[in-house]
Amino acid sequence: MPELLAGKTALILGVANKWSLAYAIAQAFRREGAKLLLTYQGERQKETVGELGAELGAAAIFECDVTRDEDLVKLADTVRQHGGPNGRLDTLVHSIAFANREDLSRPFVETSRAGYLLAQDVSAYSLVSAARTIAPFMTEGGSVITLTYLGATRVVTNYNVMGVAKAALEACVRYLSSDLGPSNIRVNAISAGPVKTVSARGVAGLTKMLEAMPLRAPLRRNCTPEEVADTAVFLASDLGRGVTGNVLFVDAGYQVMGF
Ligand code: NAP
């Protein structure tokens, strides 16, 4: 079978460890022949992401905290230096989110201004700033992919401020798809079902959620990181060339169920 991403370069933000959805995506992109550029948030993750990146044969592994404008300038420099021919980039995967732990367990109405703004900054605005930074390098078109969750449009207990950030993120996907579409840059979100990762463990009640999914989801099981990753391959590849501005659910069908 031909590799679906041969000749493409992908920048992946959000690998923290081997449980990260971004890591599953990086593995699938590698399998399909993509050249990889990976980032980590700070010193704390440098060693782990360095080891994972080396295993994947990543062309560059560098620090990028999306709340720091200077890191986005460095991101552009690194893409220019390590991207494909003439610094070309074909895919951006944005797999980043953060909210204060206390905002993911107490009632939403108690969210502080600072907690609300932090979640929006890291989890939603960063897609806008990252897309703006890399769009000039997508000289032959491209694909921007972010990760979202059902809590954007439905009330999911404890997801709270992150649900509001994901709602903003999904709106950003639509606006960015309109702005960048004339440059043949597609922008989409994958709405994944719950997967046990460090971020997901920050939401109180994750285990109960994972137990409830197989009882109600049409496929009678949870989704896997590999299924999320293969959908990212589709969106990054030419097979996804007609898809933009969308939210694709990879959740064993859970979101279609009513009572
Ligand atoms: P994860 O492994 O913890 O990934 C989250 C990533 O965000 C980490 O690499 C984290 O880095 C990074 N990050 C946080 N603040 C950052 C900042 N200021 N600058 C740069 N990076 C920052 O968890 P995950 O579940 O794979 O999450 C990836 C994405 O999938 C998130 O958008 C999440 O909301 C979404 N998603 C997850 C699920 C699920 O059930 N797991 C379901 C649907 C959607 P550090 O670890 O270094 O802080």
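Which pairs break 28 Å Cα to Cα here: LYS18/LYS74; LYS46/LYS74; LYS46/LYS196; LYS35/LYS208?
Result: LYS35/LYS208 exceed 28 Å.
So if I place +1 on the C-beta of Lys and Arg and -1 on the C-beta of Asp and Glu, and nothing else carries charge, what would the dipole magnitude of the chain be about its Cα centre? I want it in debye, nearest 20.
Dipole about the Cα centre, nearest 20: 540 debye.
Taking only the alpha-carbon atoms of region 181-259, what semi-axes of the equivalent ellipsoid follow from 5 times the gyration tensor eigenvalues under a square root, in whole Å, largest first?
Computed over region 181-259, the values are 27, 14, 11 Å.
Ordering TYR254, TYR116, TYR40 by accessible area with a probe of 1.4 Å, largest first, what comes out?
Listed by decreasing accessible area, they come as TYR116, TYR254, TYR40.
When only the heavy atoms of the protein chains count and the probe is 1.4 Å, how do THR67, THR139 rank by accessible area, highest first?
The most accessible residue leads, giving THR139, THR67.
Which value in Å does the Kirkwood hydrodynamic radius of the chain take, with 1/r averaged over all unlike C-alpha pairs and then inverted?
18.3 Å
How would you order 176-186, 222-232 from highest to lowest mean count of nearby Cβ atoms within 10 Å?
222-232, 176-186
Under a point spin-label approximation (7 Å from Cα along Cα-to-Cβ), what is the MET1-ASP179 distance to one decimal in nm?
The modelled label-to-label distance comes out at 3.6 nm.
Over the chain, what is the mean sequence separation of C-alpha contacts under 8 Å (at least six apart), divided by residue count, expressed as relative contact order in percent?
For the chain, the relative contact order is 20 percent.
Which value in deg cm²/dmol, rounded to the nearest 500, describes the helix-derived mean residue ellipticity at 222 nm for the chain, given -39,500 (n - 2.57) per DSSP H run of n ≥ 4 and division by the residue count?
-12000 deg cm²/dmol
Of all accessible surface on the chain at a 1.4 Å probe, what whole percent is carbon and sulfur?
After summing per-atom areas, the C and S share lands at 54 percent.
If I take R0 = 25 Å and measure r between the Cβ atoms of ALA204 and ALA167 in this structure, what FRET efficiency does the formula 1/(1 + (r/R0)^6) give, to the nearest 0.05?
0.80
Taking only protein heavy atoms and a 1.4 Å probe, what accessible area per residue, in Å², does the chain have with all protein chains in place?
Here the per-residue accessible area is 48 Å².
The values are calculated or read from the model by the stated rules, or taken from the named source; none is laboratory data. All figures in this text were calculated on a predicted structure; none of them were measured in a lab. Counting neighbours? That spans all protein chains shown, and the Cβs are built from the backbone with ideal geometry, glycine included. Remember, those area values only see protein heavy atoms, side chains included, never the ligands or the DNA or RNA. Shrake-Rupley method; radii C 1.70, N 1.55, O 1.52, S 1.80 Å.
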